[in-house]
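Asks: To start, I am sharing the structure in question, which I have written as C-alpha cells.
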Amino acid sequence: MDLRTSPSARPLWRHRDFRLLLGGRLISQLGDQLQFLALPLLVVTLTGSSAQAGLVLGLQTVVYLGFGLVAGALADRWDRKATMIWCELGRALLTGSIPVAAAAGVLGMPQLFAVAVANGVLSTLFGAANSAALPAIVTRAQLPTALGAIGAASNTLRIAGASVAGLAYTLGRMLPFAVNAVSFLVSAAALRAIRAGFQQDRAPAAASPRELIADIRHGLSWLWHRPVIRTLALLDAGDSLRYGAGYLLIIMLARELHASPAQVGLVFTGAAAGALLGSLLAPVLAGRFPLGRLSIAMLWVEALAFPFYALAPAWWLLLVVAFAESVVAPVYTVALDSYRIGVTPDALRGRVTGAIDTLTTGAAAVGTMASGALIAGIGAPALTFVLVGWLTILALVATLSRTVRSATATG
C-alpha cells in the first residue's frame, strides 16, 4: 500500500515514531537556526566582507539548484532512512570541523566554502529522502493533523530561535556550530530509533548516470501529466519569486521607517506568529475547504495585504501586515502536501519533491538576487507595488484556471 490506511491508528501524540521524527526535526532545526545567524557573522569577522558572507550563504541554494533533481532520483533508488542517517552524520562531521579548526587556529575561508558546498549536497539529498518519512509513519487520514503539528512546532521554534541564536553567538562564536553538530547527531539517533521504514519494500539499487537521467525524466513526465500538481507548482514558483524578493524589501521598508535591528526582527517574528496560527488552524480548514479554493484565497490575501507594507506609517504596522499575510499560507501548504503525498506513488516521491523544490527554490533565489538591484533602481515602495501587481496576476490566473478551481483534497 502506498500510504497506511489502518482505521485503528493510534492517536498522533501517542505515536512513538511520529514523536521521534518531530523531535529530531525540531532539534536539527534549532541547530540550523543558530548556525544561519552565526555563519555570516563569522565570515564578516574573518574577512570584513559582507559580499563573502552572502556568497557562503548562497552556496547552498546554488547546490540545491544543481543537485536537486539528481538527489530526488537517488532518494528513490537508495534506502531512504539509511540515506537520511548518513546525511545527518556527514553534516555533523562537517559542521563540527569548524570549531575544531578554530581551536587549532587554522580556520579559514577555503574550509568554510568547502563545508557550505558539502553541507548543501547532504542537505539536498536529506530533503529528497525526507519526503517519504511522514507518510510511512502516519495514516493518510492523519496527514493534515501531522503536517499541521510539524508546522506549528516549527513556527514556534522560529519565534524563539532568533533570540536564542543571538545569545548563543554572544556566548561564543563557535558555540552555534558545536550545538548544530550535536543536533545532527541527535537527529540521526532519532531516525535510527524509528521502527518504520521510509519506503515500500524494494531492494536499494545502484544506477549509472544514464539510468539516473532516465529516472529524472520519468519523474518529470509523471509530474507534468498531473495537471493539479503541475499548475499549483508553477503558481507556487511564482509566489516564491515574490517571497524571495520580499525578505530584503521588508527590511529596507522597515529601515526607511527608522526601525532598529531589534524592531526589524520583531516584524519577522510577527510573520512567524501568523504562520503559527495558520499551522494550528490548518488541520481543520484544510479538511473543510477544497484545495483549489485555499490556493486562490492565499494568493488574493497576499495580493490585497502586500501594498500595506509600503503604506504603513510606522514599523509596528509592518508587523501587523506580516502577521495577517502569513496566516493563510500554512493552511494551503498542509492541504497541498496532503494531496501531493496521497497521489504520488512511493517510488516517485523523491523525484517529485526534488523537482518541485528545485523549481520553487530557484524562483526564490531569482527574487532574492533581483530585489537588491530593483530596490536600488526604483526604490522599496515602488518595488512593493510591482510585487502587488505580480501577486494580482497570479491570483487572477488561479481564479480563472479550471484546474485550480476544481482541485480537491482527494484529486
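The values are calculated or read from the model by the stated rules, or taken from the named source; none is laboratory data. The structure displayed is predicted, hence computed values, not measured ones. Note that each Cβ is placed from the backbone with ideal geometry, even for glycine, and that neighbours are counted across all protein chains shown.
Asks: For segment 126-143, indicate whether the set of residues that are in a helix (DSSP H, G or I), out of contact with any Pro (no Cβ under 6 Å at 6 or more places or on another chain), in contact (Cβ under 8 Å) with a residue 24 or more places away in the chain and hydroxyl-bearing (S, T, Y) is non-empty.
Replies: In the first step, residues of segment 126-143 are kept if they are in a helix (DSSP H, G or I); the result is 126-130, 133-137, 143.
Pick out the ones that are also out of contact with any Pro (no Cβ under 6 Å at 6 or more places or on another chain) and you get 126-130, 133-137, 143.
When the remaining residues are screened for being in contact (Cβ under 8 Å) with a residue 24 or more places away in the chain, the result is 126-130, 133-137, 143.
From what is left, the residues that are hydroxyl-bearing (S, T, Y) are none.
Checked segment 126-143: no residue is in a helix (DSSP H, G or I), out of contact with any Pro (no Cβ under 6 Å at 6 or more places or on another chain), in contact (Cβ under 8 Å) with a residue 24 or more places away in the chain and hydroxyl-bearing (S, T, Y).
Asks: Among the residues of segment 187-210, which ones are modelled with pLDDT of 85 or more and crowded, with 18+ Cβ neighbours inside 10 Å?
Replies: Correct list: S187, A188, A190, L191, I194.
Asks: Can L394 be described as at pLDDT below 90, in the same structural domain as R242 (by TED's automatic domain parsing) and touching an Asp or Glu at 6+ places or on another chain (Cβ under 8 Å)?
Replies: Values: at pLDDT below 90: no; in the same structural domain as R242 (by TED's automatic domain parsing): yes; touching an Asp or Glu at 6+ places or on another chain (Cβ under 8 Å): yes.
No.
Asks: Shifting gears a bit: Exactly one of (1) crowded, with 18+ Cβ neighbours inside 10 Å; (2) in contact with a Lys or Arg (Cβ under 9 Å, 6 or more places away or on another chain) is unmet by A153. Its number?
Replies: Status for A153: all satisfied but (1).
Asks: Tally up the residues in segment 247-262 that are in a helix (DSSP H, G or I) and either within 11 Å of Y309 (Cα to Cα) or without any contact (Cβ under 8 Å) to a residue 12 or more places away in the chain (or both), please.
Replies: Our first condition is that a residue be in a helix (DSSP H, G or I); within segment 247-262, this holds for 247-256, 261-262.
Subsequent filtering for residues that are either within 11 Å of Y309 (Cα to Cα) or without any contact (Cβ under 8 Å) to a residue 12 or more places away in the chain (or both) retains 249-255, 261-262.
Going through segment 247-262 one residue at a time, the tally reaches 9.
Asks: Next question. Taking the condition in contact with a helix residue (DSSP H, G or I) (Cβ under 8 Å, 6 or more places away or on another chain), over 30 Å from F198 (Cα atoms) and at pLDDT below 90, does V343 pass? Spell out how you get there, then give the answer.
Replies: Details: in contact with a helix residue (DSSP H, G or I) (Cβ under 8 Å, 6 or more places away or on another chain): yes; over 30 Å from F198 (Cα atoms): no; at pLDDT below 90: yes.
No: the conditions fail for V343.
Asks: Those residues that are in contact (Cβ under 8 Å) with a residue 40 or more places away in the chain, part of a helix (DSSP H, G or I) and either surrounded by fewer than 20 Cβ atoms within 10 Å (Cβ to Cβ) or not small (G, A, S) (or both), I need them from segment 101-119; list them, please. If you could, list the steps in order and put the result at the bottom.
Replies: We begin by selecting, within segment 101-119, every residue in contact (Cβ under 8 Å) with a residue 40 or more places away in the chain; these are 102-103, 107-109, 112-113, 116-117, 119.
Cutting the leftovers down to part of a helix (DSSP H, G or I) gives us 102-103, 109, 112-113, 116-117, 119.
Matches in segment 101-119: A102, A103, M109, L112, F113, V117, N119.
Asks: Considering only residues of segment 50-93 that are among the small types (G, A, S) and modelled with pLDDT of 85 or more, which is farthest from I216 (Cα to Cα)? Don't jump to the end; show me each part of the working.
Replies: At the first step, the residues of segment 50-93 found to be among the small types (G, A, S) are 50-51, 53-54, 58, 66, 68, 71-73, 75, 82, 90, 92.
Within this subset, residues satisfying the condition of being modelled with pLDDT of 85 or more are 68, 71-73, 75, 82, 90, 92.
On the way: G68: 10, A71: 10, G72: 8, A73: 6, A75: 11, A82: 21, G90: 25, A92: 29 Å.
Out of the qualifying residues, it is A92.
Asks: Among (1) under 25 Å from I159 (Cβ atoms); (2) out of contact with any Phe, Trp or Tyr (no Cβ under 9 Å at 6 or more places or on another chain); (3) of a type in the set (A, V, I, L, M, F, W, C), which single condition is I216 missing?
Replies: The single condition I216 does not satisfy is (1).
Asks: Please enumerate the residues belonging to segment 123-150 that are over 21 Å from S338 (Cα atoms) and crowded, with 23+ Cβ neighbours inside 10 Å. Walk me through it before giving the result.
Replies: Going residue by residue through segment 123-150, those that are over 21 Å from S338 (Cα atoms) are 123-125.
Matches in segment 123-150: T124, L125.
Asks: Which of the residues belonging to segment 158-179 are in a helix (DSSP H, G or I) and touching a helix residue (DSSP H, G or I) at 6+ places or on another chain (Cβ under 6 Å)? Quick ask: steps written out before the conclusion?
Replies: First, pick out the residues of segment 158-179 that are in a helix (DSSP H, G or I): 158-171, 175-179.
Across segment 158-179, the qualifying residues are R158, I159, G161, A162, A165, A168, Y169, L175, P176, F177, A178, V179.
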